[in-house]
1. Scan segment 282-300 residue by residue and report those that are open to solvent by less than 70 Å² (accessible area, probe 1.4 Å) and either hydroxyl-bearing (Ser, Thr, Tyr) or more than 16 Å from residue 316 (Cα to Cα) (or both).
2. Within the bounds of segment 204-213, is there any residue that is closer than 25 Å to residue 123 by Cα and either open to solvent by less than 40 Å² (accessible area, probe 1.4 Å) or not hydroxyl-bearing (Ser, Thr, Tyr) (or both)?
3. From the list 222, 238, 216, which one is in contact with a strand residue (DSSP E or B) (Cβ under 7 Å, 6 or more places away or on another chain) and part of a loop (DSSP other than H, G, I, E, B)?
4. Scan segment 11-23 residue by residue and report those that are surrounded by fewer than 21 Cβ atoms within 10 Å (Cβ to Cβ) and more than 23 Å from residue 215 (Cα to Cα).
5. Restricting the first residue to segment 178-197 and requiring it to be within 15 Å of residue 119 (Cβ to Cβ), which pairs with a second residue that is assigned to a loop (DSSP other than H, G, I, E, B) and open to solvent by 20 Å² or more (accessible area, probe 1.4 Å) meet a Cβ separation below 6 Å and a spacing of at least six or different chains?
6. Would you check which residues across segment 162-188 are under 24 Å from residue 12 (Cα atoms) and touching a Pro at 6+ places or on another chain (Cβ under 7 Å) and list them?
7. Name the single residue, out of those in segment 24-44 being of a type in the set (A, V, I, L, M) and open to solvent by less than 30 Å² (accessible area, probe 1.4 Å), that is nearest to residue 87 (Cα to Cα).
Amino acid sequence: MATGVQIGDVWVPGRVLTAPMTGITDLPFRRLASRLGAAYVATEMVAAAELARARPDVVRRAAVGEGLPLTVIQLVGRDPAAMAEGARMAERAGADIIDLNFGCPAKEVTGSACGSALMRTPDLACRLIEAAVNATSRPVTVKMRLGWDDHSRNAADLARRAEAIGVQAVTVHGRTRQQFYTGAADWAAVGEVKAAVSVPVIVNGDIVTADDARAALARSGADALMLGRGVYGRPWLAAHLERALADGTVLEEPGAGERLAIVVEHLRASVAFYGLPLGLKMFRKHLGWYVEQAPWPADPPERRAAKARLCRLDSPEQVETALAALWRPLTHSGNSAVDIEPQLTEAGAA
């Protein structure tokens, strides 16, 4: 039987969602993760005011492109008029779902009274929700934290108000803003939000393994879960956890040959989308995580040294060759081999 979550008029064919992450979930990453089986991968956080002004770099960040079964665009801002126009533009760009960011803890975001700072101004947060809901026919969702700090955990109240305005789902990261990413996510506290609303609730925070996924759903009572930092260097993780939840199957991590093919695909897509040298620069963070997450070399200091060497290379061809050399001893021993002859798209092609 198919499992998933209904968000307004959109059926998400899975319960493992991938969070919007600035500098991570760009179009090349979203396409790759979707191809590997992820049911839902949101865009990077997009400033509503800048999207409304059609800034080219912001429009590119919200780029939808082909090859995605589901498009979720996340907006951030504090001006209701700009949020309304951003929502309209997101719908015109092909968004299936529009998510509002009330959860980002970064100082540059909260310093502008956006992101999780809106947990301190729930009336403004509700005006932003109302502006977006009234501006688009697409389902509007909200991603938030438990509150600003332990003295003001107001997620359940804000979720209740958001549902009354017309929000179709709520995602809750199980920390306050003041915690940033310290301590442990409080999945049980997300249950208070689940008890307060009838729309789907999605639990987020510290979910990396199948055991984490099952525990987060059990403790929160949530309808689905959302991955964040766990996908760094593992764009296949959502599909693996989905399978574990569905029938208990624990899929093996990709072997050297398969992993090498995934990394090369991602690198080439980044270069094709951004051109050179930006495409390689944007990819380096992913490259570092791919090397960190792989079990080869087995010695951690040697793996860190390899990461440093690879991230200093200044051409995609050099990266492909060096990575293949690093993992080559394994690509023909119990793992599928991979052809990595450079086939880079011309710089600047999108």
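The values are calculated or read from the model by the stated rules, or taken from the named source; none is laboratory data. Since this is a predicted model, take the numbers as computed values, not measurements. Don't worry about glycine lacking a Cβ; one is built from the backbone with ideal geometry, like all the others, and counts go over all protein chains shown. What goes into the accessible areas is simple: the full protein's heavy atoms, side chains included, and nothing from ligands, DNA or RNA. Shrake-Rupley method; radii C 1.70, N 1.55, O 1.52, S 1.80 Å.
1. 289, 290, 294, 295, 296, 297, 300
2. From segment 204-213, those closer than 25 Å to residue 123 by Cα are 204; that's our starting set.
Keeping just the survivors that are either open to solvent by less than 40 Å² (accessible area, probe 1.4 Å) or not hydroxyl-bearing (Ser, Thr, Tyr) (or both) gives 204.
Checked segment 204-213: at least one residue is closer than 25 Å to residue 123 by Cα and either open to solvent by less than 40 Å² (accessible area, probe 1.4 Å) or not hydroxyl-bearing (Ser, Thr, Tyr) (or both).
3. Exactly one residue qualifies, and that residue is 222.
4. Those that are surrounded by fewer than 21 Cβ atoms within 10 Å (Cβ to Cβ) and more than 23 Å from residue 215 (Cα to Cα): 11, 22, 23.
5. Cβ pairs passing all conditions: 178/149.
6. Passing the criteria: 168, 169.
7. Looking at residues that are of a type in the set (A, V, I, L, M) and open to solvent by less than 30 Å² (accessible area, probe 1.4 Å), I get 42.
Per-residue answers, yes or no, for (1) under 11 Å from the mean Cα position of the chain (by Cα); (2) among the aliphatic types (A, V, I, L, M):
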position	(1), (2)
5	no, yes
9	no, no
12	no, yes
25	yes, no
31	no, no
37	no, no
